[in-house]
Amino acid sequence: MILSMSLRLASLVLAFAFSLGCGGATTDADEPQTARDKQYAEAKKNGELDDQKPVKKGAWQFKGDRKDCRYLFNSKCFKNEKAACAAAGCSGPACLTAGAGPATVSCKK
């Protein structure tokens with residue numbers, strides 16, 4: 001009696017373990033595996049991504065010389081404010097600078 005009860009219990013445990021092992025969820029190779037990948041795929045599908053390549057951390061991201069980058073207009077560095085304002089197409093009081101290291105140049109509207 002004890003032997004037949006233990007065999008039933010063993011077969012029940014094996015059947016349960018087998019059903020757990022076979023019932024795993026299947027995922028497609030194209031399906032995102034993380035939340036970040038899913039958000040990226042949705043943004044790409046909706047056209048919300050920029051076409052720009054991401055800038056590597058610590059990489060020089062502006063055009064021009066690193067030592068002379070005091071003013072910035074359209075991602076180009078300038079040594080002095082006069083040259084940056086001329087590149088922006090404005091001069092005198094119409095030229096605005098904001099921020100520091102490098103300061104961003106724009107024109108008053």
Inset, instruction - Considering each of 33, 61, 39, 52 in turn, give the residue that is within 23 Å of the chain's Cα centre (by Cα), exposed (fewer than 10 other Cβ atoms within 10 Å of the Cβ) and at pLDDT 75 or above. - result: 33
Inset, instruction - Go through the residues of segment 94-102 one by one and say whether even a single one is hydroxyl-bearing (Ser, Thr, Tyr) and modelled with pLDDT under 75. - result: no
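The values are calculated or read from the model by the stated rules, or taken from the named source; none is laboratory data. Just so it is clear, the model here is predicted, and its values are computed rather than measured. Positions of Cβ are generated from backbone atoms using ideal geometry, with glycine treated the same way; all protein chains shown enter the neighbour counts.
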